[in-house]
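These notes concern the structure reproduced below.
The values are calculated or read from the model by the stated rules, or taken from the named source; none is laboratory data. All figures in this text were calculated on a predicted structure; none of them were measured in a lab. Heads up, the Cβs are rebuilt from the backbone with ideal geometry, glycines too, and the neighbour counts pull from every protein chain shown.
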Amino acid sequence: MIRIVQEIFRAVNLVSQTARFSGFAISTAMSMSELTAFLKSGNLQMNEFDALICSSGSEVYYPGIYSEHGNLCPGRDYATHIDYRWGCDGLKKTIRKLMNTHEGGSPHSSSPIEEDTKSSNSHCVSYLINDISKVPFCLLEIKQLISETNETGDTDYEELISETHKTLIMKGVVEKGSEELLRIKDDIVPEGSPLVTYTNAEAKADEIATALKHFSKSSQGM
């Protein structure tokens with residue numbers, strides 16, 4: 001995965017139309033500490049990104065803007081925004097109730113899930129699934145932007161493709177995604193859209209750059 005991030009950086013610098021005016025943001029379910037270790041493994045610096053979206057969108061960091069003693073701090077405005085009417089305790093109680101009542105389970109029976117405290121924070125409740133067959137959840141898939149994503153999994157990319165920005169889909173990045181759980185709807189990609197193009201997980205910088213140039217040509221014809 002880190003290789004793909006590195007190749008995307010190289011690819012953008014190969015395209016003259018994007019090299020001077022591009023910014024980078026990364027969105028991940030990883031916590032800030034996990035993302036830091038991930039980027040460090042590829043010799044990538046935090047300040048190479050304009051925004052870091054961590055813990056499934058519960059924290060947003062802006063390198064160079066919010067920091068204390070050399071450490072990045074979550075954006076205060078965003079934290080205030082998502083805190084409005086956020087009921088963490090109520091959410092946890094509802095999930096416990098769902099687990100206990102699913103298929104006649106008793107309050108004393110072992111739960112098929114457990115809270116992942118390492119990945120959780122004040123605005124993100126993360127769970128580890130011990131027995132997927134007993135989990136009743138449905139995963140609700142809650143003009144200059146280019147979104148690089150994979151073709152499956154927890155990317156919610158069908159909601160990212162709204163015909164308002166450009167999307168590069170990298171096939172084969174994720175082998176097993178959320179499609180193995182119950183879903184409200186399948187992944188959907190608009191057919192024939194000039195704002196959507198593809199490459200594969202093994203693509204090098206020059207191949208990604210070629211895909212990015214596709215957007216420049218599409219924009220000229222729109």
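Taking region 69-96 only, how many residues are of a type in the set (G, A, S) and more than 30 Å from D50 (Cβ to Cβ)?
Here the count works out to 2.
Each residue in region 21-55 was checked for being assigned to a strand (DSSP E or B), among the aliphatic types (A, V, I, L, M) and surrounded by 15 or more Cβ atoms within 10 Å (Cβ to Cβ), and 4 pass. Picking from residues in region 1-20 that are assigned to a loop (DSSP other than H, G, I, E, B) and of a type in the set (A, V, I, L, M, F, W, C), the one that is modelled with the highest pLDDT is M1. Considering only region 128-141, I want to know if a residue exists there that is modelled with pLDDT under 80, loosely packed, with under 14 Cβ neighbours inside 10 Å and small (G, A, S). Yes.
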